[in-house]
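Some notes on the structure that comes next.
The values are calculated or read from the model by the stated rules, or taken from the named source; none is laboratory data. Just so we're clear, the structure is a prediction, and the values are computed from it rather than from any experiment. Cβ placement follows ideal geometry from the backbone for every residue including glycine, while neighbour counts extend to all protein chains displayed.
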Amino acid sequence: MNGAGKLALYTLGCKLNQAESDALKQEFELRGWEIVPWRSPADLTIINTCTVTNQADAKSRNIIRQAVASSPKGKIAVIGCFAQLNSKAVEAIPGVHLILGTHEKNRLFDYLPHLKEKPLIVLDQAVSQYEESSFTSSSSRTRAFLKIQDGCDYHCRYCIIPQARGPALSRSFESSLTEAAKLVQQGYKELILTGINLGTYSYQGKKLLDILRELTQIEGLERLRISSVEINTIDDEMLNFLSENHKIMPHLHLPLQSGCDATLQRMGRRYSTALFREKIETLRRKIPDIGLGTDLIVGLPGETDEEFAATESFIREMAFAYLHIFRYSIRKNTAAATMPDQIDERVKKDRAARMKMLSQRLRTAFAEKMIGKSMDILWEEAKNGHLSGWTPNYIRIQAPGAEDLINTIQKTSIKSARNGQLWGELI
Ligand code: SF4
């Protein structure tokens, strides 16, 4: 395959996958490709896959089949975590031309001229150095992802990510700062730091706090958002910095996974509920309106009704702003796969549904607490005379306003809340 054409792209999974797909999309556009909506016929269709649960595997397979049906004459490339760990399953789907592992996807353009009917399969071998990608990524016209880390060494007992993405690797300090400065020059007002386990960032003695300090010095950068960070990597120095630096957005995604100490221990997590509670209390004392989101796994082997109830009550107590809920599923070659007392699917579904309802209640309550306050909003889009964006503490907001206010920060008064979203008026 040579030259430009039409590209369709679908992304499953985490923020890092999203960031990597956005970067790819931009690179294709720079090379003259036209991006077409999903399920439109395309010369090339890319599916950036996920394998974090059984549901993610099933969805990855379905989306690949959809792509083949939508573009029977085009080429199909399947990349990312599901491709890396399940290449045989992908190869078995007729119509796939290219299968690339999680790091190999950075070399996608090298493989395009060599596509034949029989799929070309290139998976990651042992990766020991952070893979610099020349692609820069943006999530919108106003916010851009900045990837500084990949992989994980924690090996939580249920998790397949270390197998799919390899060991924890950090981008060089200089390259991270250079890309940040470039993005700011391009006009982005907010950067979102991304990685698999950001708190373990380590490059020649420089840690996450060092990079945060440097990034907030960049002239023209208005806001910095930390996408997700493990609570045990946040020490007092970091807590103080987060609360004192006005460029850091008052929003953290802190994966809890379970609110029961026995379950956390079986998961192999590196904190107790007491530590989690203590850090959250400090964060709330120092940053009163901070938006705290979390990830949760229901149905780990051996999770009793009492353990689940302990999790429910801990989550209520922590009053998260939102929950991302996952039903546990057996992942090959993980310690939890062979644990006794696997939980029945119906029980997992029931627990997930209860958590979903709790999440909706928490989201609504958090949004309602913002009524009457005023906040600086970075407006991202405009439609039918209405602007939309996110509050600093990560709640969707709309207000009447014109398109020329996109990518500007405006003081906005919060007037009302509905279904976890806010409505405001520019001041
Ligand atoms: S910290 Fe645990 S859950 Fe998160 S990616 Fe690493 S091994 Fe997986």
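Scanning the range 1-31 for residues that are modelled with pLDDT of 95 or more and more than 18 Å from the chain's Cα centre (by Cα) returns 6, 7, 8. A single member of 46, 76, 63, 93 is in a loop (DSSP other than H, G, I, E, B) and modelled with pLDDT of 95 or more, and it is 93. So in the range 254-277, with the set limited to residues that are farther than 30 Å from residue 375 by Cα and among the basic types (Lys, Arg), which one is surrounded by the most Cβ atoms within 10 Å (Cβ to Cβ)? Within the range 254-277, the match that is surrounded by the most Cβ atoms within 10 Å (Cβ to Cβ) is 269. Filter the range 230-253 for residues that are within 16 Å of the ligand (Cβ to nearest atom) and closer than 23 Å to residue 378 by Cα; which is surrounded by the fewest Cβ atoms within 10 Å (Cβ to Cβ)? So the residue we want is 253.
Among the numbered conditions (1) of a type outside the set (Phe, Trp, Tyr); (2) over 23 Å from residue 53 (Cα atoms); (3) within 15 Å of the ligand (Cβ to nearest atom), the only one that residue 277 does not meet is (3).
In the condition set (1) modelled with pLDDT of 95 or more; (2) part of a loop (DSSP other than H, G, I, E, B); (3) over 19 Å from residue 132 (Cβ atoms), residue 212 is compliant with all but (2).
Kindly check whether there is at least one residue in the range 143-161 that is within 16 Å of the ligand (Cβ to nearest atom), surrounded by fewer than 22 Cβ atoms within 10 Å (Cβ to Cβ) and hydroxyl-bearing (Ser, Thr, Tyr). Checked the range 143-161: at least one residue is within 16 Å of the ligand (Cβ to nearest atom), surrounded by fewer than 22 Cβ atoms within 10 Å (Cβ to Cβ) and hydroxyl-bearing (Ser, Thr, Tyr). Here 311, 282 are screened, and the one residue that is farther than 12 Å from residue 254 by Cα, hydroxyl-bearing (Ser, Thr, Tyr), at pLDDT 95 or above and buried (at least 18 other Cβ atoms within 10 Å of the Cβ) is 311.
A single entry from 84, 55 fulfils the requirement of being surrounded by fewer than 17 Cβ atoms within 10 Å (Cβ to Cβ) and either under 22 Å from residue 5 (Cα atoms) or in contact (Cβ under 8 Å) with a residue 40 or more places away in the chain (or both): 55.
For the range 359-377, indicate whether the set of residues that are on the phi > 0 side of the Ramachandran plot and touching a Pro at 6+ places or on another chain (Cβ under 8 Å) is non-empty. No.
What number of residues in the range 99-121 are outside any loop (DSSP other than H, G, I, E, B) and more than 25 Å from the chain's Cα centre (by Cα)?
7
Per the listing 398, 410, the residue uniquely over 22 Å from the mean Cα position of the chain (by Cα), surrounded by 14 or more Cβ atoms within 10 Å (Cβ to Cβ) and under 26 Å from residue 324 (Cα atoms) is 398. Within the range 146-160, no residue that is free of Cβ contacts under 8 Å to residues at least 24 places away in the same chain and farther than 14 Å from residue 202 by Cα sits with its Cβ atom under 8 Å from a residue that is near the ligand (Cβ under 7 Å from one of its atoms) and aliphatic (A, V, I, L, M) at 6+ positions apart or across chains.
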